[in-house]
Each structure stands twice: as structure tokens, then as C-alpha cells.
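The structure appears right after this line, and notes come after that.
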Amino acid sequence: MTLTLQSSASFINFRETKGVKTPDEFLGMVSFAQAKPSCRLVAKSSMQEAQLSHERIMEVLKIEKREKLHELTANHSNSSTRVPVFVMLPLDTMTMGGNLNRPRAMNASLMALRSSGAEGVMVDAWWGLVEKDGPLKYNWEGYAELVKMCQEHGLKLQVVMSFHQCGGNVGDSCSIPLPPWVLEEISKNPDLVYTDRSGRRNPEYLSLGCDMLPVLRGRTPIQVYTDYMRSFRERFNDYLGNVIVEIQVGMGPCGELRYPSYPESNGTWRFPGIGEFQCYDKYMGASLAAVAKAAGKDDWGQGGPHDSGHYNQFPEDTGFFQRDGTWNSEYGQFFLEWYSGKLLEHGDRILAAGESIYQGTGAKLSGKVAGIHWHYNTRSHAAELTAGYYNTRHRDGYLPIARMLAKHGVVLNFTCMEMRDGEQPQSANCSPEGLVRQVKTAARTAKVELAGENALERYDGGAFSQVLATSMSDSGNGLSAFTFLRMNKRLLEPENWRNLVQFVKSMSEGGRNASLPECDSSRTDLYVRFIKESHSKKATEVAVV
């Protein structure tokens, strides 16, 4: 079988491209919708904010024609190690009215991605848009237009069942709240959302404490998520398994299986703070009290640890997370087992529903786990613990997650695949490379497929090379797919586009012939959510968005 990756010149031949009239109109595509909330940093400058000129586009085309970077032949000898690459679409791919945003520009974008050799794209199916008009009133029309467009261009589609809010986290360039009728219920009963020790309510995602309670006008949250996924299947049944090849089931804030322990909104948290436990709504409180009573420890059920500190502290600043802290006591183990166990139960419920709906359709199911790499080199792994991952120096917190996903035949999607330990601030005790190794081992042990994403918006060869190294393995724990963050105007800059095309080519060849420059051409500060104040006055503004 021969796979030819052609030059992107075809999509910018505006006389031949239907629906695209000018270069400027093409580059007016869906804005700077930046990273999907997780661990994402965006570097911006006045030049990058501006639209690329007609001359810049022509420069891209000339370079691509001359260098012919897109041609490769994939034969049977390397097909088993091929890693397909998808590209995330902007967060605001759909308008607030539920229509496809700038369809002509999207059409041009998809043609460009097809020419790059990318397998397909990923898009969020926002609960707050689709079920906006009332319970069981779904509007999939904008997504239907996108699905047909992908089919026309021969692209595959990964669709995220996004049951979380867009807005208030790193990379959230637009605001899409939960459905208005759900917000109305939250206003009547604020305990429907996660709550911290100070009583702060987080409207990003419904608390898992009420999963099985009929708090949404007679339906439980799990029933609501199930009905939503069933509606999607019924609407797109003819495309599942051929155009729509993957359904990623959202299980928490940012679509990730975790608690919202490090919220960015209003400056509540900043990297590399340890975060806070999110177990103070009445439903989570009742669960903790019941478990503590059953264990004969009533006093352990009166809320979370009193010595766990605040969002922006370091482990050693607290009694709970310090080297020989409460985390390793009998009480600490009891609390952390309950806290992480509730998260696993939540994921198990949603994925069981997803499995029952999509089984036999040909579409894969996936679930996303956050790459919380800061304080990874400490004994307690504080930032992971507050997020619900019971991973410490003495305990593997990712193997139980991987086994839960494997139970339902779900792909484990993990972030920070492009990050290197040497790029992180020493004070934060980071180890993204160590974390990725641990997750890869857990996935292999649990016999679950592992897919990946990059955590930062980066286009330099160093980041791509790290992903290539991470994606391949001789021991059977390489990646089954990779999703690149994200389609926007910066990606179309000549050097960035060349790097992407070479990256896709190398992934298609099983990681061979990777000849990417190691320098960070994006001029991005490499610390996730960590901004040095000394950079604030430089010409290139480093900003978390």
C-alpha cells in the first residue's frame, strides 16, 4: 500500500479552491483558540497576533514546492509501527448558536491538514452548546456539517464528549458554560458542583458526588451523559467507525478524569502550586462520613485533611504533604483511598455507559488522564494527590486507572508527551519524562492502548523529536495515535508548517528519518503555567491563556 503525503500548495491555490476567495479570508480562520485545558502555555507577540500577509502565504508555498517534504511511501514493513497524527480544531469551532464557525475557512484548514499527511482532526462536542435549549433537546447540525466536510476531504474525526465548561483554565480562549438549564439547577443547589475547603464553588463540571442522584430535573448526571452520548450515536450512526473513528468520553474538568484541584480562574491557582482537595460539597461530604463510620473512624469523616495547605503552597509548606507528612499515615491512606476511589468509580460509571452505547459501531472509546508532572520527584506527589491520582513514592496511582480503562476497552489518552525534564524549573520538582514512563508501563501492564497529546503549544523540532522518542517502543508500549495541539494561524507559518509535516512523515515511518531542528523556534517559555516575571517586559509576551 502506498501513502502519498502531498504538498499543501493545493489548498492555497485560491482559483481552484471552492469557497475561499482571498488569502486574508483564509487566514481569518477560527482565531487563536488555544490549548485544550490541561497544561498549556501560549507564546504571543504583536507579529504573531497579526494575520499573515499574502506574501507570507506565497513564501510558504514556494518553500514547500521546492523542498517537497510531503512525499513518503509507507510499506508493510513499517505499518505496524505507524503512529497516526490528528490535529485539534479550535475550541470555538462551533458558534454559540450551534453552527459551524466560518465554514469556508474551516474547509481550507481541513484541506491543508489533509495535504500534510495528518490522519484527521479532533473536535469538542460541547454539552453547553448541543443541549443548550433544554433537557433532551439536542442540536447536532453544526457537527453534522463538520463530519461531512471531513468525509469529503478523507479525514478521520475524533469527537470529545465535552461535559465540562470551556473557560477559566489554561488555553481557554472562549467561554462555553454548562447548559443554561443545568446552571439554573446549580443556582438552586450549589452543592451540585465541586467545592473546596474555603467554600469556593467550581462550575466547570458537576460533582461526582451526585452522579447517581436525580438532581437534573428527574435525571441523574450519569443518565444525562448517557442520553447525550446515545443521541450522538443515533445522529451519526452512519459515520461511526469510518469517518468518526474515536469517541473520547469526558470525565471531569478539561475533559480529564480528575478533580478541579488547580483552577486558574481569578488567579486561584498558579503553577507549580500543590492545589487543594475538592471534597466539600454536601454529597462528597456525606460519602466520606459514611465510609469513615463504616470503618469505625467517625472523626475521619468530618471533611478533608486540615493540614493540606492552600492552592499555591509547596509540599514542604504543609503538614500533610511534607516528606514524612500525614499523607503516609493511617488516616492519610484512608482519605486518599476514598478520594481516588470515588474518581475511579466515576470514570467506571461513565465509561460503562459509553461502552454500552458505542460497542459494535467500529469507533474506539478513549479517556483522558492529566499529565500532572510538577512535584513528581517528591515523596508525596502532592499535585497528583489533590487531583485524585493516588500516586506516591510507595504506590502506583496509574495502574488502577489503566485497569479501569482496560475493563471497558478504552484507550488511555495522556498528555505532556513532548516535555523534557531539563526544561522545567528545578524548584518545582518536575519530571514529565518520568511520569510518561510510569504511565506507559501501567498501560502495558493493564494491556490498554496508549495515545498521547502535547501539553504545550509548541512547533519546534525539539518538542516534535521528544514526541517521536516517546511514541516509539521496542517493548510494546508505544503510542497508538497522537493528537497535536492545535490548528491555528501560527501553525501555518513556514517553519512551523515544515516541522509539522516532517513530524507527521516521521510518525508515519515509525519514527525513522526524523531530521527536525532542535531549537525552540516558537520562543515559548517551556515551563507549564510557569511565567518568569523577568520575561514580562520582553518584546515577545509570554502569557497563559
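Could you check, for segment 392-403, whether at least one of its residues is open to solvent by less than 10 Å² (accessible area, probe 1.4 Å) and assigned to a loop (DSSP other than H, G, I, E, B)? Looking for residues that are open to solvent by less than 10 Å² (accessible area, probe 1.4 Å) and assigned to a loop (DSSP other than H, G, I, E, B), one finds at least one in segment 392-403, hence yes. Which ones in segment 358-377 are outside any loop (DSSP other than H, G, I, E, B) and open to solvent by 10 Å² or more (accessible area, probe 1.4 Å)? Of everything in segment 358-377, those that are outside any loop (DSSP other than H, G, I, E, B) and open to solvent by 10 Å² or more (accessible area, probe 1.4 Å) turn out to be 364, 365. One residue alone among 316, 337 is within 20 Å of residue 394 (Cα to Cα), surrounded by fewer than 20 Cβ atoms within 10 Å (Cβ to Cβ) and over 28 Å from the mean Cα position of the chain (by Cα), and that residue is 316.
Restricting the first member to segment 84-99 and to residues that are modelled with pLDDT under 95 and among the hydrophobic types (A, V, I, L, M, F, W, C), and the second to residues that are outside any loop (DSSP other than H, G, I, E, B) and open to solvent by less than 30 Å² (accessible area, probe 1.4 Å), the beta-carbon pairs closer than 6 Å and six or more apart or on different chains are 91/166. For residue 213, indicate whether it is over 21 Å from residue 311 (Cα atoms), loosely packed, with under 15 Cβ neighbours inside 10 Å and of a type in the set (A, V, I, L, M). Answer is yes for this residue. Residues considered: 483, 415. Of these, the only one that is buried (at least 20 other Cβ atoms within 10 Å of the Cβ), in contact with a Gly (Cβ under 7 Å, 6 or more places away or on another chain) and within 21 Å of residue 250 (Cα to Cα) is 415.
So which residues in segment 117-141 are in contact (Cβ under 8 Å) with a residue 60 or more places away in the chain, over 19 Å from residue 245 (Cα atoms) and open to solvent by less than 10 Å² (accessible area, probe 1.4 Å)? 127, 130, 131 - these are the residues of segment 117-141 that are in contact (Cβ under 8 Å) with a residue 60 or more places away in the chain, over 19 Å from residue 245 (Cα atoms) and open to solvent by less than 10 Å² (accessible area, probe 1.4 Å). Residue 296 passes every criterion in (1) open to solvent by 30 Å² or more (accessible area, probe 1.4 Å); (2) part of a loop (DSSP other than H, G, I, E, B); (3) in contact (Cβ under 8 Å) with a residue 24 or more places away in the chain; (4) over 17 Å from residue 209 (Cα atoms) apart from (3). Return yes or no: is residue 437 within 21 Å of the chain's Cα centre (by Cα) and part of a helix (DSSP H, G or I)? The answer is yes for residue 437. Exactly one residue out of 173, 162, 198 is modelled with pLDDT under 95 and either open to solvent by 20 Å² or more (accessible area, probe 1.4 Å) or within 18 Å of residue 225 (Cβ to Cβ) (or both), and it is 173. Of all residues in segment 231-270, those satisfying the criterion of being assigned to a helix (DSSP H, G or I) and open to solvent by less than 10 Å² (accessible area, probe 1.4 Å) are 232, 236, 253, 254, 255. The residues of segment 418-457 that are among the charged types (D, E, K, R), under 19 Å from residue 506 (Cβ atoms) and open to solvent by less than 10 Å² (accessible area, probe 1.4 Å), listed by number, are 418, 453.
Taking the condition of being more than 16 Å from residue 411 (Cβ to Cβ) and either open to solvent by less than 30 Å² (accessible area, probe 1.4 Å) or modelled with pLDDT under 95 (or both), how many residues in segment 343-356 meet it? Result for segment 343-356: 3. Restricting attention to segment 216-232, the residues that are of a type outside the set (Val, Ile, Thr) and under 22 Å from the mean Cα position of the chain (by Cα) total 5. Being open to solvent by less than 50 Å² (accessible area, probe 1.4 Å) and assigned to a helix (DSSP H, G or I) is the filter here, so list the residues in segment 319-334 that pass it. Those that are open to solvent by less than 50 Å² (accessible area, probe 1.4 Å) and assigned to a helix (DSSP H, G or I): 326, 327, 331, 332, 334.
The values are calculated or read from the model by the stated rules, or taken from the named source; none is laboratory data. The structure presented is a predicted model; accordingly, all values stated were derived computationally and were not measured. Backbone-built Cβ (ideal geometry, glycine too); neighbour counts: all protein chains shown. SASA here: full protein model, heavy atoms, side chains in, ligands and nucleic acids out. Shrake-Rupley method; radii C 1.70, N 1.55, O 1.52, S 1.80 Å.
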